[in-house]
Structures are given as C-alpha cells and as structure tokens.
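Below: the structure, in structure tokens.
The values are calculated or read from the model by the stated rules, or taken from the named source; none is laboratory data. As the structure is a prediction and not an experimental result, all values here were calculated from the model. Cβ coordinates were reconstructed from backbone atoms using ideal geometry, including for glycine residues, and neighbour counts include every protein chain displayed. Remember, those area values only see protein heavy atoms, side chains included, never the ligands or the DNA or RNA. Shrake-Rupley method; radii C 1.70, N 1.55, O 1.52, S 1.80 Å.
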Amino acid sequence: MDKNRRLLNRVEKLKEVFAKLKIALSIILLVATSSVGALQVDNPQYQPKVIHPGDDVDLWIKISNDNYDDEVKNIVVEVTPHYPFELRQVNPVKGKATISHLNPGEADTVYFKLHVDENAPSRDYRIDVKVSYDEVEDDDGKKITRHYEFTKVYYLHVYGIASFEINGNFSLIPSKTQIVPIKIINTGTGTAKEVNLYVGYSLKPLNAGSESVTISAYGTTKNQQKAIYYPTAIPLSNLPISPVGKTKFYLGALKPDDDKVINLKLHTDDNLIEGCYQIPAVITWIDEDGTKRAEQISIGAYVKGDIILGISNVVTDPKEIKPGTTYARIDVTVTNNGHAEAKDVKLKLITNKPFKDSWSNCNIKDIGNLLPGVSKTVSFYVDVDKYAPAKHYKLPVEISYLDVSDNKYKTEKFIDIYVKHKPLFKILTKEVHVTAGKDNVVHIEIKNVGSERAERVKISAIKISGQPFDYPVKSDTIGTLYPNQTGVGTITITPDRTAPSKSYYITLEIRCAGDSEEGDKNVYVYQKPLKVVVNNPNSVGYWILSIVVIIAIILVIGYIFKKKMNKENE
C-alpha cells in the first residue's frame, strides 16, 4: 500500500511539472509570435540566376500572413543593398514597396530591381530586407492593433567575369624573325580557368541553332530565345606579321590582376613600312560560373623600319690610280637598303697617307634625306703621294644620319682603292760642272724608285729661255730599268762664253714606257731639276773668286806657320 501511494505521488508531481512546462512553452511561443509576428518572408527570388557585374537584377520577395486568426495591414518592405548593389527606381519610393493588407493565410509578392557595379569581384554580397506591419487582433470583439518590424539579411553571389589585355613593349624589324615577350593580364573581376592563347587566329562562332529559355518567378514568366554557338579559333595565313613555330599557349588559371609572360617568335614581312600593326589572336577560357568563353583580341606591334646605309658602287677617274696622281675623283654611290627614311645624311672621306684631300673640305658631302631603296652618288677628290706603294687601300667613309625620331647615328664604311704599279725616277747625280764656251759632256745617273719596270727610258734636257745654255746633244736613251735599278745617260751642255760663273738649275725630262708584260701601255713623263755649276775663266767673277781663294789659302798657311813658331819658342 505504501509503495502504491509513493508511486501515485510521483505521478502527480510529474503531472505538475509537465503542466508548468506547457505553460512556459506557451509563454515562449506567445513571445516568439509577438516578436516575429504573423508574417513569413521567403528567400528572395531573382533573375538572372547567375549574376554578373553590370547586370540589372530583378528581385521578388514573397510575404505571407501565416497567422490564420488575425489580419495584417500597412505592410512596408524596404530593401537596403550593400556594395556592389544599387537600387533602381521601380516603386513610387525607391527601395520601398507596400502591401495594404493581408488576410489570414494570404500572400503577396513585392518587386525590386538592383544594378550590380561593373567592377564587382566574385563573392557573396549582402542585402538587408526590413519588414514592418500592423497586426489586428480580435480580443473578445475588441480590435487591438500591434505594430511589428524586423530585418532579415540575405546574400546574393556575384560571379565576376574575366577580361584580358595583352601588353608587349617591343618593336619589329622588316624581314627579320625575332623573339619578343608579351604579357597577358586578367583585368576582369573573375577568375579565368583553362586559359588558352592562340596567336595568328581568328574567332569564328559556329552557329548550332537556338533554344527557348523560360524564366519564371512568382507568377511572372518570360520566354527568351537563346542562340547556341560554339566559338572556334581558326588559324590565319599570309599575315604580314606571323608567328613562327608555336602558336597555341596554355596559361592555366588567371585570377583578377594576375598575369603570365610568354615568349613569342614572330616573323615580319620584308615589305612592311614603318608603323603600327595588329596581330590577331584568340583567348579562350572558362568563367567561374562554368561558362565557356572566347574573345578575339589583338597584339599591338610597332614595326620600326631599320636604316641600312651601304656603299653600292665606287668609280674612279682616272680609272687607274697611280702614285703621284692628283685630283683623282672617287664617285661613291650610297644606298639605303633598310626600310625607313634616313634624314640629314652626311658623308666624310677620311684620308690618310699616302692620300690627302685635293683641297680644303672637298671630301665632306651632305646628301639630305635618303628614302628606303634610294641611292645617291657623291664625288670625293684626293691626291696620291708619288712614293705610294702599289697595293689595295681601305679608305674609311664616315656616314652620319638621323632616323625618323631625330636620333643621331654614325657608321663607318670602307671603299677599296687600288694604287697600281708605276715607274718613278730619282736623279742620283747631285750636280755637274761645266766650263763656259766649251762643249761639256756630262753623265747623269738616275734610279727607278718606282714599283714597275720602265721600258725605253730616255733623258732629255729642256732648253729654257733666259739660261745661257745650248745642248748639242740634249737627249740619251738609257733603256730598261727595273725597280731599284740605276742607269746613266749623257748629254752635252755648252754654256755661252759670257756666262758668269755660278750655279744654274736646268730642267731634265725623263720619259719611259710602262711594263708591257704587265699590260701597261702608258707613257710616263717626268721633269726634274739638275744643278749645273758654270766655271768661266774670263769672267770678272771668276778672277775675284780666284783671288779670294788664294788669299784664303795664304791666311790659312800663315795661321798654321805662326802657331808652329809659337810652340817652338815655348
């Protein structure tokens, strides 16, 4: 009996506890109902389903009266967006929609429009939805109105879109193949996956038909026709600037502001003139939302025409330049073999021994501007030393010019001048002595100091008016003289009887033919002076000179005798 009584007591206590819990739970539910209210706010519905930067987003929010006993009225729904969303005007008050009332169990939908900032990166962005309303309760026939408001926070995901730039700070030269670096930069707001670059390609979208897309949200239905196409990279041919070797480059994934550098091998057509050109390229990638994308893009290239100045022709006058040649004209043709204009072109022939300028500043030439493929000829004048060794000489020509940007350049080219062999003579006989009024046979020794054999060498005295000389035998043939060989010729000189005793310089002509075995058919003529000392016993000058000589001899003998006597006395 006691045990049964104790069990009954415990049951009664449990009933009391459950009753209290029921009361407490009712109070909690009442509080909850009064704090949240009778309204149910569904998650927002929006179009497009995949939101990108720059999109206009249609936003619908469904409001339901879940209280089946009471009416709600004066319902106000306010949307407060955060970056990157911005409200568009679709309601009388921007960002605010009203519902006059909702009967128990009734629902309605409010509409807003948002714009997404074009530079928004990929991530979730917050919007706040504030709802305020009045709930009308029936308390034993008495209408009691209570005001409620609450805020819900939602997040919408924005998928950034990748976009690309290609930078390359390089210049190309016509007819050359060069390796240049280019940088591919993701300047968009989303990560691009599986990025591929096709250089020298064109984008050809292949149409595969279309499909109908139905968009529905809370009773609003839209039908759209969407074309289906597959972007395809097609290689191009006969490009003025074309890739050599590898044309497809896999870059992997590129986050916003990431870049990749590749080395691109390009060949530039030799007919291109200086200027800017575009190299077609295609970039394909997959966006964050899984969409496959392709874009036609261009790589900017600057073709800088090179300036190549060269000497294309050299002509001399005379054709054969030999030692001792004066005022030899050298015609030089300079050609611009490059692809850009050379401005203010100047040429300067630099002469060194055995060459020298024929006159001052005769070898500085200004030819102005020189277009690609154009030639101009200038003339230089030089004198050749008479003892110049026979050989090829490299004469430097200094060329200075400006490019199209007025940058200064200087280059040096060489012209080949061949100084041919030539006989050349030197009179070894310093002077000859002759007596006035007599026929004097004099021997004259000459030497071939040139580099070529001289044939039929002949010497002749040239009578000059005003000199007291006659030449009964004025010429003599020596014959053949090889280089460094000497020979002797004789002539007869007859001074006038009244010719005073003194020195004269007569003109001696040396004439010869070139080496016939070497094909030299030239005749060479040289005129050289020869000192002739005339002694005339009948001239006053001769006696005066004799007396002076005798006196000088006596003075010398007397000086020696006196010096000897002084030594003996000591």
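Excluding V129 itself, what net charge comes from residues whose Cβ is under 10 Å from its Cβ, given Lys and Arg +1 and Asp and Glu -1? Spell out each step's value before the answer.
Details: positive: K130, K152; negative: E78, D128.
After counting each charged neighbour, the total is 0.
Annotation: per residue accessible area for the chain equals 58 Å², rounded to a whole number [probe 1.4 Å, protein chains only]. 3J(HN,Hα) along the range 470-478, derived from phi through the Karplus expression 6.51 cos²θ - 1.76 cosθ + 1.60 where θ = phi - 60°, amounts to 10, 10, x, 10, 9, 9, 8, 9, 8 Hz, with x in place of Gly and Pro. Using only side-chain charges placed at the Cβ, +1 for Lys and Arg and -1 for Asp and Glu, the dipole size of the range 265-382 relative to its Cα centre rounds to 900 debye. Distant-in-sequence amide contacts of V441, defined by a placed amide H-H separation under 5 Å and a gap of 5 or more residues or a different chain, comprise I493.
Less than 13 Å Cβ to Cβ from S460, Lys/Arg counted +1 and Asp/Glu -1: what total charge do the surrounding residues give?
On the way: positive: R456, K458, K463, K474, R511, K528; negative: D476, E509.
Every neighbour counted, the sum reads +4.
Compared with the dominant principal axis of the Cα atoms in the chain, helix 540-569 is inclined by about 90°. Both radii are taken from the alpha-carbon atoms of the chain; with Rh as the Kirkwood radius, Rg/Rh is 1.54. Computed from the C-beta positions of Q485 and I550, the FRET efficiency with R₀ = 30 Å rounds to 0.10.
Report relative contact order for the range 244-363 in percent, whole number only (criteria: Cα-Cα under 8 Å, sequence separation at least 6). List each step's numbers first, then the result.
Details: 129 pairs, mean separation 22.5, N = 120.
That works out to 19 percent.
Overall shape of the range 106-175 was characterised from the C-alpha gyration tensor. The equivalent ellipsoid obtained from it has semi-axes of 58, 10, 8 Å, in decreasing order.
Around D139, under 13 Å between beta carbons, what's the net of Lys plus Arg minus Asp minus Glu among the other residues? Don't skip to the answer; put the middle values down first.
Working: positive: K142, K143, R146; negative: D69, D70, E135, E137, D138, D140.
With Lys, Arg at +1 and Asp, Glu at -1, the neighbours total -3.
Normalising the average separation of contacting C-alpha pairs (under 8 angstrom, six or more residues apart) by the number of residues puts the relative contact order of the chain at 8 percent. Using the Cβ-Cβ distance between I273 and Y387 with R0 set to 60 Å, the FRET efficiency works out to roughly 0.70. For the range 69-220, taking Cα atoms only, Rg and Dmax work out to 26.9, 100 Å respectively. The spacing between the range 98-168 and the range 326-345, judged by their C-alpha centroids, is 81 Å. Along the charge dipole of the chain, Cβ charges K/R +1 and D/E -1, which of P529, C276, L395 sits furthest on the positive end? Ranked along the dipole, the leading option is P529.
Rounded to whole numbers, the Karplus 3J(HN,Hα) couplings from phi for the range 134-147 are 10, 9, 9, 9, 9, 9, 6, x, 9, 7, 10, 9, 10, 9 Hz, using 6.51 cos²θ - 1.76 cosθ + 1.60 with θ = phi - 60°, and x at Gly and Pro.
Can you pull the percent of the chain's accessible area that's carbon plus sulfur, 1.4 Å probe, other chains left in place? Could you put the intermediate results ahead of the total?
Details: 16820 of 32830 Å².
With neighbouring chains kept in place, the figure for the chain is 51 percent.
Within the range 262-406, the percentage of alpha carbon pairs spaced more than 20 angstrom apart rounds to 62%.
Quick one: pull the percentage of alpha-carbon pairs in the range 399-473 with a separation above 17 Å.
Everything past 17 Å amounts to 70 percent.
Taking the longest Cα principal axis of the chain as reference, the axis of helix 2-36 is set at about 50 degrees.
Quote the charge dipole size of the range 331-469 about the Cα centre in Debye, to the nearest 20; the model charges only the Cβ of Lys and Arg (+1) and of Asp and Glu (-1). Numbers along the way, then the final one.
Working: 23 positive and 17 negative charges, 125 e Å.
About 600 debye.
Per 0.36 nm of contour for each residue apart, how much would the distance between N407 and Y559 grow if the chain were fully extended, relative to their Cα-Cα spacing?
Using 0.36 nm per residue and subtracting the Cα-Cα distance, I get 46.4 nm.
Taking a point 7 Å from the Cα of D257 along the Cα-to-Cβ direction, the residues of the range 185-205 with backbone N closer than 20 Å to it are 185-193.
With contacts defined as alpha carbon pairs under 8 Å and 6 or more residues apart, what's the relative contact order of the range 112-196 in percent?
Numbers: 122 pairs, mean separation 24.9, N = 85.
It comes to 29 percent, rounded to a whole number.
Magnitude of the charge dipole for the chain, about its Cα centre and with charges confined to Cβ atoms of Lys, Arg (+1) and Asp, Glu (-1), is about 3640 debye.
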